[in-house]
Amino acid sequence: MSTLMKGNFTPAHNVEDAPQQADTLEQRFEKEALKKLGGSIAFVSKKKVLWGDEADNKDEPE
Amino acid sequence: MAKILFVNPVVREEDDPRHVPYGIALLAAIAIRDGHLVQVYDENAWRKGAQVLHSVFNADRWDVIAIGGITTAYASIKAIVQQARQECPNATIVLGGGVLTSLPREMMGFLPEVDVGVIGEGFITFPEILSMIDADARDWASIDGTISRTADGGLFISGQRALLQDLDSLPYPAWDLFPLEEVYFPNSQVLFSEEGMLARRRLDINMSYGCSLVCKYCYHLGIAGDMRYETDENQETQVAFDQPKNYTRSIRYHSPEYVVGLVKYAREKYNIDFVVFLDENLMTMDQYSKRTWMSEICRLWVAAGLQPTCIRDGVEHDEHCTGVHWSGTSHATLCNPEILKIMRNAGCSHLVYGYESFARHVMKTIGKGATPQTNMRSFFWTLEAGIRPIPNQIIGFPNEDFAAIYDNMEAWKKLGIVVKPFFATPYPGSEWFTVYRNRILEQYDGDLESYLLDLGDATRITAVISHNFNAVELLGLRELMLNFDYKRIRAYEQYWRKNHGIQPGEPSTLYRDPVQEVAVTRITQQKLATG
Ligand code: B12
Ligand code: SF4
């Protein structure tokens, strides 16, 4: 029984998985490479932080 | 009892599927609670395409095919509803979620296969639709919160659906109906903190609805009190969201007991080690509850034995740590050092801050209620509490100029921020979509659907709303900013000033208050709706 579909009853027919053509090495490479290219990056490089110099600034928003 | 097939459309195709769709998981749980027969096919998780969808649509005789998602799932939704209509001509196709809510009339036009749309919150509207199907009736117009088709081929928006106030009456999400072991747990990692990186069994939870801020690029899905129904001059109902000087909000949150009860349940049932809180802004809730909500959640978290052992024992986190780490969203002005420390003690590993910009004149125009100073202050408070701040940045705001670019680069350098900013993107439902609608459509030859199809991550450029820079300039400037290439940016600034006739020393901007443009946009919208 395929588990592609999940629910609280047994449907009349099983869901057939599609015979997936295994990705060629080229396709695999391109998919992985694309993932690395996209998306946002945001993090703090802890080593670079200048600690505390603005921390006491109590300026309120406007 | 109705036989319902939920289909989760593909979103963010370029990445692995990482998030169980929380709204659909709740609606599936509600349908099961009410005694219906429910199946979920998660195409976003499986990504098997039309052949498997064919098998899914023919697996039973479906009374309802329910689909929904955020705006960027539009392309997938379109393909799925077309196939659904062909293969299941008698099923009622129901569409909901942010994609429909922001543009209900347009969406029903683009997707003639859809029978009924659920505008905004689905918690009450969707079960009422199911009851009507059980009663073998199709009088959608009598159900609040719907958009449906009239006999003469028009569209009818029924009364506005009131938001559910007793959120704790909701059942727990039907996580079992999604491929957790097969797809979602293997993709648990969240690369925003060490603890997130080591997460192996993560689930997401939404504990609140709403945000007290009015960021002009933000959309709240019509489930945050952000949506108003207005009657236009043809006496037709139109759905409106944030507009200049016209904002509404409703702040709602689950009780700390519900939240911790749900996490405990997820821990016991699925052995989770990480929770991402999906809430738009945890700090709104904390402030609204007079600083009781978050700290009570944290207290109960520790009392329930969910505190990670690395924190309890004061040792570095590693694979042997037990307990549940978590992350969420914060806000520069609304957080304070005390709550951040309490959150850390309960296992908070990172907090996403939409700092957006470190340029004072830009921040004044975006509705965030923050300044460069509050950004920096919260940044240090968060680090001092032992939590990683995730400092999101955006470029391409309407009044973004060279001064803003330099301010941002200075701040990144000073704070050790490594960031590839998003582009300011006017997603439908946001104030800037309403304000700049004409300008956006001009960039897509007047074709709204092609804009929707172009939308994806805001790391890609789509419609530009900057008054100063075009798409090519924004892309180039972002690249140079990432490399701290002051020299080339300065050189380009000279060229840009010459092009626009702006003297050295004058502000590098062509910006004018866009509110003038709203009047024009409103007229166009009315034409669209009636035409
Ligand atoms: C999880 C999440 C995602 C997930 C996917 C979500 C999914 N599969 O649904 C991921 C990580 C992929 C994602 C990506 C993005 N997201 Co996002 N995301 C969220 C988040 C944090 C939680 C969504 C959620 O579960 N909400 C709670 C549930 C209960 O609400 P819901 O799903 O909308 O469901 C309710 C109703 O909408 C309706 N409903 C929903 N589905 C259906 C289906 C049917 C049949 C019915 C009847 C009703 C119905 O009923 C539900 C109950 O009331 C929200 C913020 C938030 N807290 O809501 C932002 C949010 C939805 N995202 C947003 C944005 C802007 C983005 C990005 C564009 C961000 C970016 N800068 O790149 C990207 C798009 C990426 C891409 N390439 O497509 C915006 C709005 C997007 C929009 N215009 O639709 C939000 C609101 C954040 C914000 N305030 O700005 N996101
Ligand atoms: S603070 Fe965040 S959730 Fe709130 S309006 Fe601004 S961007 Fe949206």
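What to note about this one:
- 21 Å Cα-Cα reach of B:Lys414 towards lysines, excluding residues that sit fewer than 8 places from it in its own chain: A:Lys46, A:Lys47, A:Lys48, A:Lys58, B:Lys487
- Under the combined filter of DSSP loop state and at most 15 neighbouring Cβ atoms within 10 Å, segment B:289-323 retains these trypsin sites (Lys or Arg not before Pro): B:Lys290, B:Arg291.
- Based on protein heavy atoms only, the protein assembly as shown ends up with 42 Å² per residue of surface accessible to a 1.4 Å probe.
- Total formal charge among the other residues, if their Cβ is under 10 angstrom from that of B:Leu221, Lys/Arg +1 and Asp/Glu -1: -3
- Neighbour cut-off at most 14 other Cβ (10 Å), DSSP loop, GluC sites (Glu not before Pro), segment B:187-249: B:Glu233
- Taking other residues whose beta carbon is less than 15 angstrom from the beta carbon of B:Arg201, and scoring Lys, Arg as +1 and Asp, Glu as -1, yields -2.
- Note on chain B: dipole from Cβ charges, positive end direction compared against B:Tyr355, B:Thr292, B:Cys215; the farthest Cα belongs to B:Tyr355.
- Spatial offset of segment B:218-297 relative to segment B:426-497 amounts to 29 Å, using the alpha carbon center of each.
- Estimated inter-spin distance, B:Thr248 and A:Ser40, nm [label 7 Å along Cα→Cβ]: 2.9
- Taking 0.36 nm per residue of separation and subtracting the Cα-Cα distance, full extension of the segment from B:Asp152 to B:Asp457 would add 106.0 nm.
- Inter-label distance, nm, simple model (7 Å from Cα along the C-beta direction), B:Ala79/B:Ser142: 3.9
- Sequence-distant residues sharing a close amide H with B:Ala424 (under 5 Å, placed H): B:Ile395, B:Gly396, B:Phe397
- For a straight C-alpha distance cut-off of 16 angstrom, the lysines reachable from B:Lys368 (same-chain residues fewer than eight places away being disregarded) are B:Lys216, B:Lys245.
- Exposure rank, largest accessible area first [B:Val435, B:Val352; 1.4 Å]: B:Val352, B:Val435
- Charge context of B:Tyr444, other residues only, Cβ under 14 angstrom, K/R +1, D/E -1: -4
- Each of B:Ala79, B:Met409, B:Val183 was placed along the dipole of chain B (beta-carbon charges, centred on the mean Cα), and the one lying farthest toward the positive end is B:Met409.
- Under 5 Å, built H, 5+ apart or other chain: amide partners of B:Phe192: B:Met197
- Charges were assigned to the Cβ only: +1 to each Lys and Arg, -1 to each Asp and Glu. The resulting dipole of chain B about its Cα centre is roughly 1380 debye.
- All-pairs alpha carbon distance profile, the protein assembly as shown, 20 Å steps from 0, percent: 19, 54, 26, 1
- Computed lengthening from B:Met197 to B:Arg299, 0.36 nm per intervening residue step minus Cα-Cα distance: 34.2 nm
- The charge dipole of segment B:3-152, taken about the Cα centre with unit charges on the Cβ atoms of Lys, Arg (+1) and Asp, Glu (-1), comes to about 240 debye, rounded to the nearest 20.
- Nitroxide proxy distance, nm - points 7 Å out along Cα→Cβ at B:Glu13 and B:Glu257: 4.7
- Using a probe radius of 1.4 angstrom, the carbon and sulfur fraction of the accessible surface of chain B is 52%.
- In a simple Cβ point-charge model (Lys, Arg +1; Asp, Glu -1; nothing else charged), the protein assembly as shown has a dipole of about 1280 debye relative to its Cα centre.
- DSSP bridge pairs, the protein assembly as shown: antiparallel proportion in percent, nearest 5: 35
- Selection of trypsin sites (Lys or Arg not before Pro), segment B:384-469, meeting DSSP coil and at most 16 other Cβ within 10 Å: B:Arg460
- Chains B and A together, accessible area buried on both sides, 1.4 angstrom probe, square angstrom: 4400
The values are calculated or read from the model by the stated rules, or taken from the named source; none is laboratory data. In this text, all values refer to a predicted model and were calculated from it rather than measured experimentally. Cβ atoms come from the backbone with ideal geometry, glycine included; neighbour counts cover every protein chain shown. In case anyone asks, the SASA skips ligands and DNA or RNA and just uses the protein heavy atoms, side chains included. Shrake-Rupley method; radii C 1.70, N 1.55, O 1.52, S 1.80 Å.
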